[in-house]
Amino acid sequence: MTTFNKTEEEWKAMLDPEQYNVCRLKATERPFTGKYNSTKTDGVYHCVCCNAALFDSTTKFDSGCGWPSFYAPIEDSAMVEIRDTSHGMIRTEVTCAACAAHLGHVFPDGPPPTGLRYCINSVCLDLVPRTVE
Ligand SMILES: [Zn+2]
């Protein structure tokens with residue numbers, strides 16, 4: 001895989017403004033506005049910045065929080081968790097392991113089997129529907 005140590009200018013040229021704000025500047029899209037908030041399509045969600053596979057739709061659940069939510073990453077190595085103390089809260093930020101894009105946060109209030117809720121911005125994701133052979 002290519003390395004994704006692009007400059008800010010290169011990211012800016014590649015991503016649309018909202019993707020850039022969320023993925024590179026760690027903004028958060030407004031709840032219930034994201035294109036994948038209530039998507040039930042079967043497939044794999046990829047990183048919009050580098051195309052790494054991040055989540056399988058089989059782990060997506062309806063959390064009601066306003067962002068696409070998953071109870072597990074597609075592989076533990078697909079993302080990196082970082083302690084985030086911004087905005088007066090202690091949260092765990094989730095970033096793409098391949099390109100360091102900000103994806104969202106993980107909270108310990110998800111469903112079984114993991115008990116985790118990966119609360120992810122839609123703009124960081126690109127859903128590739130599964131083709132049934
Ligand atoms: Zn990525």
Revision key, fill the gap. GLU18 passes all but one of the listed conditions (1) closer than 11 Å to CYS124 by Cβ; (2) charged (D, E, K, R); (3) assigned to a loop (DSSP other than H, G, I, E, B); the exception is number (3)
Check your understanding: Does any residue of the range 51-64 turn out to be within 16 Å of the ligand (Cβ to nearest atom), on the phi > 0 side of the Ramachandran plot and among the polar types (S, T, N, Q)?
Key -> yes
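Quick grid of which residues meet (1) surrounded by 14 or more Cβ atoms within 10 Å (Cβ to Cβ); (2) over 25 Å from THR114 (Cα atoms); (3) away from the ligand (no atom under 12 Å from the Cβ):
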residue: PRO17; (1), (2), (3): no, yes, yes
residue: PHE70; (1), (2), (3): yes, no, yes
residue: HIS87; (1), (2), (3): no, yes, yes
residue: HIS102; (1), (2), (3): yes, no, no
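Per-residue answers, yes or no, for (1) touching a helix residue (DSSP H, G or I) at 6+ places or on another chain (Cβ under 7 Å); (2) assigned to a strand (DSSP E or B); (3) touching a residue at least 12 places away in the same chain (Cβ under 8 Å):
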site: ASN5; (1), (2), (3): no, no, no
site: LYS26; (1), (2), (3): no, no, yes
site: ASN37; (1), (2), (3): yes, no, yes
site: HIS46; (1), (2), (3): no, yes, yes
site: CYS65; (1), (2), (3): no, no, yes
Review point. For the subset of the range 107-122 comprising residues that are touching a Lys or Arg at 6+ places or on another chain (Cβ under 7 Å) and of a type outside the set (S, T, N, Q), which member is farthest from the ligand (Cβ to nearest atom)?
Key: ASP109
Check your understanding: Does the range 78-90 include one or more residues that are under 13 Å from the mean Cα position of the chain (by Cα) and farther than 15 Å from VAL48 by Cβ?
Key -> yes
Point to revise | Matching option when the condition is surrounded by fewer than 16 Cβ atoms within 10 Å (Cβ to Cβ) and β-branched (Val, Ile, Thr), among THR95, THR58 | key: THR58
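A short reminder: the numbers here are calculations on the coordinates, not readings from a lab. Since the structure is predicted, the reported quantities are computational estimates derived from the model, not experimental observations. Reconstructed Cβ throughout: ideal geometry from the backbone, glycine too, with neighbour counts over all protein chains shown.
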